[in-house]
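The values are calculated or read from the model by the stated rules, or taken from the named source; none is laboratory data. Just so it is clear, the structure is predicted and the values come from calculations on it, not from any experiment. Every residue, glycine as well, gets a Cβ built from its backbone with ideal geometry; the counts of neighbours run over all protein chains shown. What goes into the accessible areas is simple: the full protein's heavy atoms, side chains included, and nothing from ligands, DNA or RNA. Shrake-Rupley method; radii C 1.70, N 1.55, O 1.52, S 1.80 Å.
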Amino acid sequence: MKQYQFIQETEKEYTIKVNGAKGVYTDDEIIEHLCDILGKDAVIKVEHVDGIPCLASGKFKKTV
């Protein structure tokens, strides 16, 4: 996985944007791993993106 960005939408709803995970990890593997951390009642959406925009510093924000 080249990049990821984890976004908390509500108390139990999350989105994870991933770049470079296709063919390496399945969405179910990503969701299962995150549910182990966040709790089994977490609702997680996986978005595959071509890139995550950088901040002015040249870094990208991993969590929102």
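Return the FRET efficiency for the residue pair residue 48, residue 11: r is the Cβ-Cβ distance, R0 is 22 Å, and the value is rounded to the nearest 0.05.
Taking R0 as 22 Å, the efficiency between residue 48 and residue 11 is 0.30.
Express the accessible area of the chain per residue in Å², computed with a 1.4 Å probe while the remaining protein chains stay in the model.
Spelled out: the 1.4 Å probe surface of the chain, per residue, equals 72 Å².
Report the one residue of 43, 14, 54 whose Cα lies farthest in the direction of the positive end of the charge dipole of the chain (charges on C-beta: Lys and Arg +1, Asp and Glu -1; origin at the Cα centre).
54
If you fit an axis through the alpha-carbon atoms of helix 27-38 and take the longest principal axis of the Cα set of the chain, what angle between them do you get, 0 to 90°, nearest 10?
70 degrees
What part of the accessible area of the chain, given as a whole %, is carbon or sulfur when the probe is 1.4 angstrom?
Summing carbon and sulfur atoms, their accessible area is 51 percent of the total for the chain.
With each label point set 7 Å from Cα along the Cα-Cβ vector, what nm distance links residue 36 and residue 56?
4.0 nm
If the limit is 18 Å between Cα atoms, which of 22/61; 2/59; 2/40; 12/61; 12/45; 2/61 go over it?
From 22/61; 2/59; 2/40; 12/61; 12/45; 2/61, over 18 Å: 22/61; 2/40; 12/61.
With every protein chain in place, what's the accessible area of residue 63 (1.4 Å probe, Å², nearest 10)?
Roll a 1.4 Å probe over it and residue 63 shows about 80 Å².
Which aspartates and glutamates have a Cα less than 15 Å from the Cα of residue 17, not counting those fewer than 8 places away in the same chain?
Output for residue 17: 9, 27, 28, 29, 47, 50.
Share of antiparallel DSSP beta bridges in the stretch 5-64, in percent to the nearest 5?
Here the antiparallel bridges make up roughly 35 percent for the stretch 5-64.
Amide H of residue 45 versus every other amide H placed in the peptide plane: which residues, excluding those fewer than 5 positions away on the same chain, fall under 5 Å?
14, 15, 16
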